[in-house]
1. Read through the list (1) within 15 Å of the chain's Cα centre (by Cα); (2) among the polar types (S, T, N, Q); (3) farther than 22 Å from Gly22 by Cα, then give the number of the only condition that Asn168 fails.
2. Does Ser128 satisfy being of a type outside the set (Val, Ile, Thr) and without any contact (Cβ under 8 Å) to a residue 12 or more places away in the chain?
3. Can you tell me which residues in the stretch 42-61 are among the hydrophobic types (A, V, I, L, M, F, W, C) and outside any strand (DSSP E or B)?
4. If you scan the stretch 42-61, which residues turn out to be closer than 16 Å to Ile142 by Cβ and buried (at least 23 other Cβ atoms within 10 Å of the Cβ)?
Amino acid sequence: MRLAAIALVAMVAACRSMQPAGPSAVAELQPTKGSSTSGTITFTQAGDKVRVAGDVRGLRPDQEHGFHIHEAGDCSSGDGMSTKGHFNPQGKPHAHPSTSERHAGDMPALKADAYGNARVDATLDIISVNAGPTSVIGRGLIVHAAPDDYKTQPTGNAGARLACAIINRKS
């Protein structure tokens, strides 16, 4: 009986600590011209933060790649340039995603393994899946060829665009 009570208390505590998932969005990364990079990334609202999770393949093995939300949800150019610049509704400088003074579109780098695959699982505080000025819905998502230096303004010197997606609300 005592063991069952302890288990019940532990289960209740675990349930309280779990934050219910809010609205979500998905981005299906498609290769730009001459690239083979692709993947699927989800954005899930969790309170005032957004969990960004997914997999990307076709990257340069054992290398970091810049990864950003861009202003325009438009992949029609073939090279990803139609997504325009980084999503920056608050007019902040480009910086590492761990700092508060950064573009809303600044995200952690993708780190490819020996096979050219990367997994992202990050929680970000400036963006939103809900309606509003920091909403990612309808924005572009870009994987870059080079690492982001998190210093060069306004792009991070992350190079060519390897994959492009439009972030769409999940139905």
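Read-outs: derived from the displayed coordinates by stated rules, not from any lab. Computed from a predicted model, the values in this text were never measured in an experiment. Cβ coordinates were reconstructed from backbone atoms using ideal geometry, including for glycine residues, and neighbour counts include every protein chain displayed.
1. Single failed check for Asn168: (3).
2. No; evaluated as a whole, the condition is false for this residue.
3. If the condition is that a residue be among the hydrophobic types (A, V, I, L, M, F, W, C) and outside any strand (DSSP E or B), then Leu59 is the only one that fits.
4. Within the stretch 42-61, Phe43, Val52, Val56, Leu59 meet the criteria.
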